[in-house]
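Just so it is clear, none of the values below were taken in a lab; they were calculated from the coordinates. All values derive from a computational prediction rather than experimental measurement. All Cβ positions, glycine included, derive from the backbone under ideal geometry; neighbour counts span all protein chains shown.
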Amino acid sequence: MSANSRLTIAAHALAWIGLYQRQGHEVATSEQIATSVNTNPVVIRRLLGELRRAGLVESRRGVGAGWSLARELESMTLLDVYEAVEPGPLFAMHRTTPDQGCVVGHGIQPAMQGIYEGIEETVRHELARVTLENVLQDVLEAPR
């Protein structure tokens, strides 16, 4: 099972746009952001589309096309980003109903649901504590 990197890539893109705008640029292209992330611009455009629907970025078409922040980094939390790009729960139950005639099959989902709800609450609380400004500052202070 591989880990999901959508939150990390979205935070990367937002921090990059924020820094780029602070350097005096109005908009960033998905190609520029993709170069920093080291991925295909299509991946970036899809994620930025989700971030736009959540009100975190804006896009401009035509001459001077690109992406800009819709809000300041200080007012965006990692929870905002998470909710924009990870619409489902952190953990999921079986794809099909387990054997209800089996003692474990019957009880596993209720047992795991309570555990998962606690984990999800903790994750959301921690993500809400961190702004994208915090992330960018940590990036800028990281040793090179």
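Some observations on this one:
- The chain - mean residue ellipticity at 222 nm from DSSP helices (-39,500 (n - 2.57) per run, n ≥ 4, rounded to 500): -18500 deg cm²/dmol
- Inter-label distance, residue 133 to residue 59: 2.8 nm, where each label sits 7 Å from its Cα along the C-beta direction.
- Multiplying the residue separation of residue 126 and residue 42 by 0.36 nm and subtracting their alpha-carbon distance yields 27.3 nm.
- Difference of contour (0.36 nm per residue) and Cα-Cα distance, residue 93 to residue 144: 14.2 nm
- Length-normalised contact order of the chain in % [C-alpha pairs under 8 Å, at least 6 apart]: 27
- Near residue 42: Cβ cut-off under 15 Å, other residues only, Lys/Arg at +1 and Asp/Glu at -1. The net charge is +1.
- Sorted ascending by nearby beta carbons within 10 Å, beginning with the fewest, 94, 25, 12 become 94, 25, 12.
- Ranked list, fewest to most other Cβ atoms within 10 Å of each Cβ, for 80, 99: 99, 80
- D by Stokes-Einstein for the chain, Kirkwood Rh over Cα pairs, 25 °C, 0.890 mPa s: 144 µm²/s.
- By the count of other C-beta atoms within 10 Å, a proxy for reagent exposure, 131, 96, 8 are ordered fewest to most as 96, 8, 131.
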